[in-house]
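Have a look at the structure below before the remarks.
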Amino acid sequence: MHKYSSVRVGVGGVTGYTGVELMKRLARHPQADVRLAMASSKSEARRIPALARIWDHPVEPFDVERMVEETDAVFLALPDAMAADVAPTLAARGTRVFDLSGAFRLRDSELRQKWYPHAPADTPAAPTYGLTEHYRAALKDATLVACAGCYPTAAILPLRPLVRAGLVQPGVVVDAKSGISGAGKTPTERTHFSECHGSVAAYGVFAHRHAAEIEQEVGTAVTFVPHLVPLDRGILATIYARLEPDVGASDVERVLGAAYADSPFVRLTGSDLPEIKHVVHTNFCDIGWRVDRPGGQLVMVAVIDNLVKGAAGQAIQNFNVAFGFDEALGLN
């Protein structure tokens, strides 16, 4: 595997929450040489107050040609339709792409067209799903990385090892709650302060595109119910499943421990159930669980920061593996 001393990097969509998170972390990454910071539109160049003394150049309109000519790797924090358009072009011309949109996450073409109708049916390079803990080997040669979604990250990391080991029965429920920043920076009636403050609301029941992504990666049917809570950031997923006969808490601990023994950003807390405040502004996913009795009910709680492990941090973690760097570089 080729070893890189420094990688020329560009970021698209710097004006959004995830774009700012990317810039803050890439600025202190010793092997990332940030060359370009671009918006998700063709509007005039502007400066971002949150990036003062981090990136003091203007944030420019998005320009594919400059990204190709001046960078080795590009992070795309763009709207789905725009990412679907530019990511294949960049990848086809030799730029390694880390796409934070959902445009390329679903492998089934019918599901992809249903949930991401702007996504192309075929791409020059088959996208690699970007959940680092389960795709390290594939990431090393990946040209186009479809970074995992925020809700899916909080559901897949605790569930996938248990389903694959045959520990849980069908009928899994994922009840997840996200801070407002998960809806993006563009304001809507739902994300207005007066609508969110002092309230919690379920939304997208049987109609949220992340359900397909969770089922794809977990390998079983999942009832997924997301909720909006009045926090700036963070996701807490409470997962309910019935264990197979004679499976107990020690089996859950054994399987998860083996799955994440070499994963620096997954922390297993056992019966001490984690909280959002334990992971905000970090790239950690904390997972705790309790079992009422062997073969009985399993309740798991997983927490992440939706803007870091659910977006920018995970993209950089994927970047580190893809370029042969220490997985935690720039993230601790």
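Here, each number is a calculation from the coordinates, and none is a lab measurement. Treat the numbers as computed from the prediction; the structure is a model and nothing was measured. Virtual Cβ from ideal backbone geometry, glycine too; neighbours counted across all protein chains shown.
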Legend entry - the stretch 254-301: relative contact order as a whole-number percent, Cα under 8 Å and 6+ apart: 31 percent
Inset, instruction - Can you put Ile276, Ile239 in order of Cβ neighbours within 10 angstrom, beginning with the fewest? - result: Ile276, Ile239
Inset, instruction - For every other residue with a beta carbon closer than 12 angstrom to the beta carbon of Ala312, add +1 if it is Lys or Arg and -1 if Asp or Glu, then tell me the sum. - result: +2
Legend entry - Mean separation of Cα contacts under 8 Å (6+ apart) over length of the stretch 136-262, as relative contact order %: 41 percent
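Looking only at the chain, where both bridge partners belong to it, what percent of the DSSP beta bridges are antiparallel (to the nearest 5)?
Of the beta bridges lying entirely in the chain, close to 45 percent run antiparallel.
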Legend entry - Least to most buried among Asp108, Asp246 (fewest other Cβ within 10 Å first): Asp246, Asp108
Legend entry - Protection-proxy order for peptides 138-146, 262-270, each taking the mean of Cβ atoms within 10 Å per residue, highest first: 138-146, 262-270
Legend entry - Footprinting exposure proxy for Cys285, Cys196, Cys147 (fewest neighbouring C-beta atoms within 10 Å first): Cys196, Cys285, Cys147
Inset, instruction - Report, in degrees rounded to the nearest 10, the 0 to 90 angle that the Cα long axis of helix 80-92 makes with the longest principal axis of the chain. - result: 70 degrees
Legend entry - Subset of Lys24/Lys140; Lys140/Lys277; Lys24/Lys114 violating a 29 Å alpha-carbon distance limit: Lys140/Lys277; Lys24/Lys114
Legend entry - Folded to 0 to 90 degrees: helix 150-164 orientation relative to the chain principal axis, Cα: 50 degrees
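What does the charge count near Val279 come to, summing +1 for each Lys or Arg and -1 for each Asp or Glu among other residues with Cβ under 11 Å from its Cβ?
+1
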Inset, instruction - For every helix of n ≥ 4 consecutive DSSP H residues, a contribution of -39,500 (n - 2.57) applies; sum these over the chain, divide by its total residues, and give [θ] at 222 nm rounded to the nearest 500 deg cm²/dmol. - result: -8000 deg cm²/dmol
Legend entry - Environment charge of Asp33, counting only residues whose C-beta is closer than 10 Å and scoring Lys/Arg +1, Asp/Glu -1: +1
Legend entry - Euclidean distance of C-alpha centroids, the stretch 1-79 and the stretch 146-184, integer Å: 29 Å
Inset, instruction - Mind ranking 46-53, 69-76, 294-301 by how tightly packed they are, going by the mean number of other C-beta atoms within 10 angstrom, highest first? - result: 69-76, 294-301, 46-53
